[in-house]
Amino acid sequence: MDNKLIRVLHVFGRTDMGGAENRIMDLYRSIDRSKIQFDFMVHTKDRCYFDDEIENLGGHVYHISRYNVKNHFTYKKEWENFFKKHSEISVVHGHMTSTAGIYLPLAKKYGVRLTIAHTRSAGVPQGIKGIMTKCLRTDLYKKADVCLACSQIAGINTFGQNAINKGIITVIPNAIDTKRFAFDESVRAKVREELGIKESTFVVGHVGRFHHSKNHEFLIEIFAEISKQISDSKLVLVGDGELREQIVKWIDEFGIAEDAILTGTRKNVEDYYQAFDYFVFPSRYEGLPGTVVEAQASGLRCLISDSVTDEVIITELAKAKALSDSPEEWAKTVVETRDYSRISHAEEVKSKGFDSESQIDYYTNLYLGR
């Protein structure tokens, strides 16, 4: 098996700056590409953020239609045609679990040696889409050779308690390249200068997609209360997404337009953590958010919602707070705990097994069938 180049197809919605995509790109950069090569299947025709890098590393980006129930048979046919044409694919690693129950069995039918269903979320979208996702995930653990989850709660949400009880699910925490996030005063000064922020300004930061799960409206309410108590303060939001226009409206409605900075998507996201003073993360649901791991590695105090698994609390810097608490209560906690000595915690995070280098052997052996 080791003498043949193994081609692994990673299945995503898009190859943009999402958490799962970042984790796989970290792995891709580090894995031995003389033995294992990554390809990607995305559910869009758009050119995405990581496409250039994927191709520069030797991978291919393929495209398939977005699933919408009405195109069920067309969607299956597209996958069948793909597997008929690409017998070089040895492994299919499905990060898009909403339709993994469709494409993973087809992969096996057409000779793919190993199929993997990998969940990194502990929730589903609102409305019809969420109901559809739950239906499509029924008995997913029976349709994949290997089932991976970033946390216990993500595993339960996607595969069910029964699969967890049977020991079918392997929990692999979202890992990061910890050395990239080590605190650096010079980087902090540089980014603050670029953003027009004084060193004395108190900066509340957030990194994440502009998506319902991230609960930006509540975050903005929290910051509006913080700014009443700390006049020289800023809110910096790193990311982008479908709710951008709505988030701009919320910022205006809460009267913080002059104190809010939207950076958009940033490749050097590690630099922006340095510029923050506090990381506030009131998500409605998560799998195991890599951003909270990154923030802790950079030495940031973090206040996260109690809907986020406590598996992500890996240093004394992170604390959970109830989503049922008011914005005023969240703001009070931030204000009262804002004074602390900022030092890097990258080595501590690495020692807890959250460094991407520590997972290379696991994935190498998995893909090679050792």
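The values are calculated or read from the model by the stated rules, or taken from the named source; none is laboratory data. Predicted model only: the values in this text are computed from it and were never measured. Heads up, the Cβs are rebuilt from the backbone with ideal geometry, glycines too, and the neighbour counts pull from every protein chain shown.
A few comments on the model shown:
- Breaking point among (1) assigned by TED's automatic domain parsing to the domain that holds E311; (2) surrounded by fewer than 21 Cβ atoms within 10 Å (Cβ to Cβ); (3) not polar (S, T, N, Q), for L219: (2)
- Look at the range 51-68: where a residue is farther than 19 Å from E80 by Cβ and a partner is among the acidic types (D, E) and modelled with pLDDT of 95 or more, sitting 6+ places away or on another chain with Cβ atoms under 6 Å, you get G59/D39; V61/D51.
- Within the range 29-42, restricting attention to residues that are modelled with pLDDT of 95 or more and of a type outside the set (A, V, I, L, M, F, W, C), the residue that is nearest to V207 (Cα to Cα) is D39.
- Scanning the range 157-172 for residues that are assigned to a helix (DSSP H, G or I) and either without any contact (Cβ under 8 Å) to a residue 24 or more places away in the chain or not assigned by TED's automatic domain parsing to the domain that holds G130 (or both) turns up Q161, N162, A163, I164, N165.
- The range 343-370 - residue that is of a type in the set (D, E) and surrounded by fewer than 17 Cβ atoms within 10 Å (Cβ to Cβ) and, of those, modelled with the lowest pLDDT: E357
- Taking strands (runs of 3 or more DSSP E) as the structural unit, those lying wholly within the range 254-370 and holding at least 2 residues that are without any contact (Cβ under 8 Å) to a residue 60 or more places away in the chain correspond to 260-264, 301-305, 318-321.
- Only residues that are among the hydrophobic types (A, V, I, L, M, F, W, C) and in a loop (DSSP other than H, G, I, E, B) were counted across the range 229-253, and they come to 2.
- Single condition S200 does not satisfy, out of (1) over 21 Å from the mean Cα position of the chain (by Cα); (2) in contact (Cβ under 8 Å) with a residue 60 or more places away in the chain: (2)
- Which numbered condition M132 misses (of (1) aliphatic (A, V, I, L, M); (2) at pLDDT 90 or above; (3) assigned by TED's automatic domain parsing to the domain that holds V11; (4) surrounded by fewer than 20 Cβ atoms within 10 Å (Cβ to Cβ)): (2)
- The single condition among (1) within 24 Å of C135 (Cβ to Cβ); (2) out of contact with any strand residue (DSSP E or B) (no Cβ under 9 Å at 6 or more places or on another chain); (3) hydroxyl-bearing (S, T, Y) that S34 does not meet is (1).
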